[in-house]
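The values are calculated or read from the model by the stated rules, or taken from the named source; none is laboratory data. Only a predicted model underlies this, so the values are computations on that prediction, with no experimental measurement involved. Glycine also receives a Cβ, built like all others from the backbone with ideal geometry; neighbour counts cover every protein chain displayed.
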Amino acid sequence: MGVSAVNTGNNFLYFLVSLLLSFMWLSGLFARLNLKGLTIEIYPPKEAYARKKNFLRVRIKKNFFWGFLYRVKIILKGRLSSEELFFKIAFLSGEKEISLTYIPENRGIYRIESFIISSIFPMALFEKKKSIKREIKFIVFPEPKGCNYYERDARRVKRRGKEGLVLGTEEFDSISEYIAGVPRKFIHWKALAKWDELKRKVYLEGEFPGKMIDPLKLPYSDLEEKLSCATYLVLKAILQGEAVGLKLGNIKYAPQRGEIHKIKLLTALALYETEGEPL
Amino acid sequence: MRQKGSLYREKIEKLLVLVSLLVPFLCLYSVILPKLYFFSLFFIGLALYLDFKGIFFPRWMITLIGFLFIMLFFLSVDLVNFLEKSIQTILLLLGLKLLEKKRLRDYFQIYLLEFLLLAGVSFYYTALWFFLVLIFQVFYIGFALFFHLYVEEGEVKVMSLPELKIIFLYFGFLLLNTFILSIIFFILLPRVQNPLINIAGVKNKATTGFSENIRLGAFSEIQENTQPAFRLAFEEGKIFHPENIYFRVIVYDTFDGKNWSRKETEVKPWQREIYQRKKGAWGKIYTNIYMEGYLPSLYELIFVKEKGEIEKFSDNVLRWKGIPEEMLKYEVYVQKEKVWEIKEDLPEEKKNLYLQIPKLSLSIIKLSQKLKGDTPEETLENILQFFSKEGFSYALKGLPLGENPLEDFLFKAKRGNCEYFASATALLLRLNGIPARVVGGYRGAIYLARGKYYLVKQNFAHSWVEAWIKGSWKLIDPTPVASLSILRKENTTFAQLKLLWETINYYYIKFILDYDLKKQKKLLGALKSALFLREGEEKVKMEKSFHRINFKEFKTWVKVLVIFTLLGIFLWIFWNRSKLFQKREKKMLHRFLSYLEKRGYQRRENEGLFELIEKIRDPLLQEKSLEFVKIYAEYYYRERKFDKEGLQRLEECLKDIQRLKLK
């Protein structure tokens with residue numbers, strides 16, 4: 001068309017060619033602006049299990065103007081496999097949160113090393129990409145598979161007559177100094193209101209001695225099956241309020257209750273005999 | 001089962017395509033052959049109907065037929081019909097495209113074909129309305145394309161009104177900037193003096209105007225038309241009084257009693273006139289009254305620039321012999337003094353032409369004898385007096401149109417338009433042996449000060465007489481002055497708006513249609529001189545001291561630049577006002593977090609400060625950070641105002657953290 005314009009001297013053609021040229025130039029500029037001011041935060045799940053549906057929360061924010069036609073690709077690298085998670089956002093005004101589902105194949109450390117945001121805005125003449133490097137690691141625990149060994153232990157304890165406390169409850173003992181990371185249910189809110197200080201509650205340890213699980217002694221040939229069963233047992237114990245411990249080779253974890261302890265045990269199971277470093 | 005949202009989306013997409021076709025089809029109406037036009041209309045209508053019904057042709061078939069159309073084009077095209085064939089082929093391809101089941105890329109192709117159609121049609125129109133329609137269509141196609149892309153790429157089923165509004169505004173902003181930036185490209189794109197290969201050809205449309213044969217009364221038809229006939233712009237602005245200007249278009253030399261015709265065919269070569277710039281003025285005439293090619297000229301004309309395209313006859317009539325164009329422009333050089341005659345020797349053989357008389361009634365002959373004077377000037381005076389004494393009046397309607405129209409005019413009706421007065425005068429002069437001819441043209445103009453040009457409308461068409469007396473053709477206008485009433489500007493709002501539109505139209509012609517290599521060079525030259533000072537100027541400017549710089553003295557472009565820069569700074573401050581005018585404690589917290597971030601501890605969204613510190617491995621850094629956070633929390637969580645002491649303590653903590661080495 002440009003050649004026709006020069007050839008004929010038709011100013012309408014010049015006008016049309018000018019429009020096309022300026023649109024092409026401005027498209028590039030607007031496409032860049034479309035990707036500017038974007039921040040992405042990825043929130044891995046606190047508990048993720050292999051071969052189970054997990055959710056990865058992604059929060060994407062545009063700091064100025066609006067954003068259009070985004071394609072976001074997140075590369076998830078596991079111990080033995082790699083997966084790409086992909087989603088689209090047609091229109092972004094301010095902030096948006098998306099939950100991505102994924103089913104990790106294996107236990108262990110999963111990494112998100114980078115993610116790519118691209119867009120074909122405004123007219124699909126080209127695709128602008130922006131790669132953001134961000135190291136996010138999270139642990140995928142072994143797949144919990146049901147097994148019966150816990151109940152056997154429970155029956156044995158009852159026969160000894162040590163019924164002890166009702167499983168799942170503890171008795172309040174005292175107030176202590178606040179430690180960062182303590183779950184909210186352990187914060188003494190009355191103390192905060194009264195004295196303006198953060199304190200934590202301390203409970204009596206149950207008389208129940210707690211369970212020790214030794215996954216390597218579980219009657220399965222496959223290590224993964226053993227670990228899956230152990231995961232199940234840990235989860236069940238914690239759910240029932242029992243103290244549970246773990247013995248993995250030479251490492252022992254004394255029986256305790258609570259969420260933090262659960263995560264500690266599951267982490268140990270997840271990372272057993274993997275190359276991954278603890279987080 | 002398809003969802004409801006997607007059904008609506010498909011319907012909207014089809015509707016967008018349908019509406020987009022309106023403009024090209026409206027513009028094509030007078031461009032292509034009627035048969036082809038209606039066939040295309042039917043074909044495309046059928047394609048749209050099938051589309052709405054969900055009936056589509058296989059893609060391979062469409063592609064094959066399209067290929068055949070293109071082959072046909074190449075086999076039948078030549079330089080003469082290139083444009084016409086191109087438009088026909090694009091139209092057929094567009095119809096084919098509509099028969100396919102559409103995906104995103106198909107919509108892109110449809111709009112591209114429409115765009116090419118408009119490009120082709122642009123050779124046939126020059127009017128401002130077409131230019132505005134072109135802009136509208138480009139904007140429409142832009143929005144439509146984005147809509148298709150948005151719903152398909154974004155997999156959008158439902159759109160909220162605020163979302164639609166934002167899309168419209170944001171994309172509209174992009175298109176607006178496209179339009180603005182295109183002005184720069186338009187100015188800078190390379191141009192050539194002459195087309196390399198001429199493929200464009202505009203059919204010479206017959207409009208109302210002057211032809212070589214004109215019957216008495218025909219002028220009235222021209223005078224009914226209020227459209228602009230042409231525009232004349234002088235570099236120096238207003239040179240002549242608008243009511244006094246006579247524009248010669250054609251000269252009639254032969255009368256048969258009812259019709260005037262032109263027999264003169266002798267072309268006078270352009271001579272190398274030597275002119276003095278001081279006495280003359282350059283002007284440009286823009287005309288679209290392309291009737292047999294005769295062009296408006298002035299008595300003050302010295303010569304024209306386009307000597308190659310314009311031929312001059314021996315009676316000083318100009319005709320365009322170049323490639324016909326809908327909007328013609330040519331440059332004229334004229335004397336600044338008003339001229340009412342053309343000095344010329346008249347050879348004997350030419351005299352006979354201008355003394356030609358048809359078969360006339362006795363009464364007219366007797367009248368001519370009665371009006372004869374001792375000298376040609378006296379004869380002329382007698383004729384003019386005759387009209388005024390006998391009460392002849394000017395009229396546009398109820399003109400004598402019988403078998404002897406002139407006789408009826410002179411003895412019965414005594415009223416007529418300028419043709420009757422001019423014909424009668426010329427005839428009476430010829431009967432008295434004075435060579436005379438009737439001139440067809442325009443009298444008067446409207447001077448538009450805003451655009452600095454003269455506007456001449458079709459209803460200013462006029463005829464008068466030239467009589468050869470004492471070695472020159474003298475301008476004689478026997479028509480009563482009442483005919484000048486049409487020149488009086490109407491003061492109604494509507495009339496003023498019409499004139500405003502006319503000025504916009506003129507600017508459009510001048511800056512867009514008429515923009516060429518010469519203007520480009522001139523503009524770039526002006527830009528260059530604005531940016532780069534010449535030697536003498538530089539020295540003078542350097543001598544001015546700083547405190548004497550007056551903003552008013554700066555060139556306009558500098559003022560604009562300063563204003564935009566200040567605006568930019570203001571916008572930046574406004575945009576970042578929360579950061580710039582932050583409270584001191586907020587700024588300190590911000591610094592604290594950035595120190596930690598540099599050391600590898602980034603605070604996540606919704607993460608507490610204490611939680612953040614828990615992650616710190618370096619015991620010294622953790623200690624210092626904890627100290628900062630405790631002080632901060634003391635004030636913040638208790639909603640106490642940060643006093644001087646608190647801020648000082650925070651500052652000290654920050655300094656300690658800053659001193660810790662980065663690992």
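If you go through the range B:74-83, how many residues are surrounded by fewer than 20 Cβ atoms within 10 Å (Cβ to Cβ) and in a helix (DSSP H, G or I)?
4
Do any residues in the range A:82-109 that are closer than 24 Å to residue A:274 by Cβ and part of a strand (DSSP E or B) have Cβ atoms under 9 Å from those of residues that are modelled with pLDDT under 90 and of a type in the set (Gly, Ala, Ser), where the two are at least six apart or on different chains, and which pairs are they?
A:108/A:78; A:108/A:276; A:109/A:78; A:109/A:276
Anything in the range B:608-645 that is part of a helix (DSSP H, G or I) and either touching a residue at least 60 places away in the same chain (Cβ under 8 Å) or among the β-branched types (Val, Ile, Thr) (or both)? List them, or say none.
B:613, B:629, B:631
Residues that are closer than 30 Å to residue A:223 by Cβ and without any contact (Cβ under 8 Å) to a residue 40 or more places away in the chain: does the range A:121-139 have at least one?
Within the range A:121-139 (the criterion being closer than 30 Å to residue A:223 by Cβ and without any contact (Cβ under 8 Å) to a residue 40 or more places away in the chain), the answer is yes, since at least one residue qualifies.
Can you name every residue in the range A:229-267 that is surrounded by 19 or more Cβ atoms within 10 Å (Cβ to Cβ) and either free of Cβ contacts under 8 Å to residues at least 24 places away in the same chain or under 12 Å from residue A:140 (Cα atoms) (or both)?
Across the range A:229-267, the qualifying residues are A:231, A:261, A:266.
Here are some conditions: (1) in contact with a Gly (Cβ under 8 Å, 6 or more places away or on another chain); (2) of a type in the set (A, V, I, L, M, F, W, C); (3) modelled with pLDDT of 90 or more. Residue B:461 meets all but one. Which one does it not meet?
Only one criterion in (1) in contact with a Gly (Cβ under 8 Å, 6 or more places away or on another chain); (2) of a type in the set (A, V, I, L, M, F, W, C); (3) modelled with pLDDT of 90 or more is unmet by residue B:461, namely (3).
Are any of the residues in the range A:81-90 modelled with pLDDT of 90 or more, surrounded by 14 or more Cβ atoms within 10 Å (Cβ to Cβ) and among the charged types (D, E, K, R)?
Checking the range A:81-90: at least one residue is modelled with pLDDT of 90 or more, surrounded by 14 or more Cβ atoms within 10 Å (Cβ to Cβ) and among the charged types (D, E, K, R).
Only one of A:16, A:56 is surrounded by 15 or more Cβ atoms within 10 Å (Cβ to Cβ), touching a Phe, Trp or Tyr at 6+ places or on another chain (Cβ under 9 Å) and more than 8 Å from chain B (Cβ to nearest Cβ); which?
A:56
With (1) in contact (Cβ under 8 Å) with a residue 60 or more places away in the chain; (2) under 15 Å from residue A:5 (Cα atoms) as the list, and residue B:102 as the residue in question, which single condition is left unmet?
Result: residue B:102 fails condition (2) only.
Look at residue A:256 and say whether it is over 24 Å from the mean Cα position of the chain (by Cα), over 25 Å from residue B:615 (Cβ atoms) and at pLDDT below 90.
Taking the combined requirement at face value, the residue does not satisfy it.
Do we find a residue being more than 14 Å from chain A (Cβ to nearest Cβ) and over 60 Å from the mean Cα position of the chain (by Cα) anywhere in the range B:600-616?
Within the range B:600-616 (the criterion being more than 14 Å from chain A (Cβ to nearest Cβ) and over 60 Å from the mean Cα position of the chain (by Cα)), the answer is no, since none of the residues qualifies.
Quick one: which of B:386, B:460 is surrounded by 20 or more Cβ atoms within 10 Å (Cβ to Cβ) and either touching a Cys at 6+ places or on another chain (Cβ under 8 Å) or over 30 Å from residue B:349 (Cβ atoms) (or both)?
Exactly one of B:386, B:460 is surrounded by 20 or more Cβ atoms within 10 Å (Cβ to Cβ) and either touching a Cys at 6+ places or on another chain (Cβ under 8 Å) or over 30 Å from residue B:349 (Cβ atoms) (or both), namely B:460.
Quick check on the range A:88-107: of everything there that is out of contact with any helix residue (DSSP H, G or I) (no Cβ under 6 Å at 6 or more places or on another chain) and away from chain B (no Cβ under 14 Å), which residue is farthest from residue B:170 (Cα to Cα)?
A:106
Being modelled with pLDDT of 85 or more, loosely packed, with under 12 Cβ neighbours inside 10 Å, small (Gly, Ala, Ser) and part of a strand (DSSP E or B): is that true of residue A:131 here?
Criteria met by residue A:131.
Can you find a residue in the range A:157-165 that is at pLDDT 75 or above, surrounded by 11 or more Cβ atoms within 10 Å (Cβ to Cβ) and either assigned to a helix (DSSP H, G or I) or not β-branched (Val, Ile, Thr) (or both)?
Scanning the range A:157-165 turns up no residue that is at pLDDT 75 or above, surrounded by 11 or more Cβ atoms within 10 Å (Cβ to Cβ) and either assigned to a helix (DSSP H, G or I) or not β-branched (Val, Ile, Thr) (or both).
Scanning for something modelled with pLDDT under 85 and either surrounded by 11 or more Cβ atoms within 10 Å (Cβ to Cβ) or among the hydroxyl-bearing types (Ser, Thr, Tyr) (or both), does the range B:645-653 turn up at least one residue?
no
Hey, among the residues in the range A:1-13 that are polar (S, T, N, Q) and facing another protein chain (nearest Cβ under 7 Å), which one's farthest from residue B:123 (Cα to Cα)?
A:7
Please go through (1) farther than 18 Å from residue A:198 by Cα; (2) within 14 Å of chain A (Cβ to nearest Cβ); (3) surrounded by 13 or more Cβ atoms within 10 Å (Cβ to Cβ); (4) among the small types (Gly, Ala, Ser) for residue B:633 and return the number of the only condition it doesn't satisfy.
If we test residue B:633 against (1) farther than 18 Å from residue A:198 by Cα; (2) within 14 Å of chain A (Cβ to nearest Cβ); (3) surrounded by 13 or more Cβ atoms within 10 Å (Cβ to Cβ); (4) among the small types (Gly, Ala, Ser), just (1) comes out false.
Does the range B:396-440 hold any residues that are at positive phi and in contact (Cβ under 8 Å) with a residue 40 or more places away in the chain, and which are they?
B:433 - this is the single residue of the range B:396-440 that is at positive phi and in contact (Cβ under 8 Å) with a residue 40 or more places away in the chain.
Considering every residue within the range A:2-11, establish whether at least one is of a type in the set (Val, Ile, Thr) and either on the phi > 0 side of the Ramachandran plot or surrounded by fewer than 19 Cβ atoms within 10 Å (Cβ to Cβ) (or both).
The answer is yes; a qualifying residue exists.
With more than 12 Å from every other protein chain (Cβ to nearest Cβ), in contact (Cβ under 8 Å) with a residue 24 or more places away in the chain and over 15 Å from residue B:14 (Cβ atoms) as the only criterion, which of B:117, B:113, B:93 stands out?
The unique qualifying residue is B:93.
Between B:419, B:381, B:331, B:349, which is of a type outside the set (Val, Ile, Thr) and not in a helix (DSSP H, G or I)?
B:331
Which condition number does residue A:24 fail, the rest of (1) more than 7 Å from chain B (Cβ to nearest Cβ); (2) over 18 Å from residue A:72 (Cβ atoms); (3) touching a Gly at 6+ places or on another chain (Cβ under 7 Å) being met?
Failed condition: (3).
Does residue B:433 meet the test of being of a type outside the set (Lys, Arg), modelled with pLDDT of 90 or more and either within 30 Å of the chain's Cα centre (by Cα) or closer than 23 Å to residue B:299 by Cα (or both)?
The answer is no for residue B:433.
Just a yes or no: is a residue in the range B:472-481 modelled with pLDDT under 85 and part of a helix (DSSP H, G or I)?
So far as the range B:472-481 goes, yes, one or more of its residues are modelled with pLDDT under 85 and part of a helix (DSSP H, G or I).
If a residue has to be crowded, with 21+ Cβ neighbours inside 10 Å and not in a helix (DSSP H, G or I) to count, how many in the range B:91-106 make the cut?
Summing the residues that are crowded, with 21+ Cβ neighbours inside 10 Å and not in a helix (DSSP H, G or I) in the range B:91-106 gives 1.
Of everything in the range B:145-172, what is more than 7 Å from chain A (Cβ to nearest Cβ) and out of contact with any helix residue (DSSP H, G or I) (no Cβ under 9 Å at 6 or more places or on another chain)? Give them in sequence order.
Scanning the range B:145-172 gives B:160, B:161, B:162, B:164, B:165, B:169.
Tell me whether the range A:38-46 contains one or more residues that are within 29 Å of residue A:83 (Cβ to Cβ), within 12 Å of another protein chain (Cβ to nearest Cβ), free of Cβ contacts under 8 Å to residues at least 24 places away in the same chain and within 16 Å of the chain's Cα centre (by Cα).
Within the range A:38-46 (the criterion being within 29 Å of residue A:83 (Cβ to Cβ), within 12 Å of another protein chain (Cβ to nearest Cβ), free of Cβ contacts under 8 Å to residues at least 24 places away in the same chain and within 16 Å of the chain's Cα centre (by Cα)), the answer is yes, since at least one residue qualifies.
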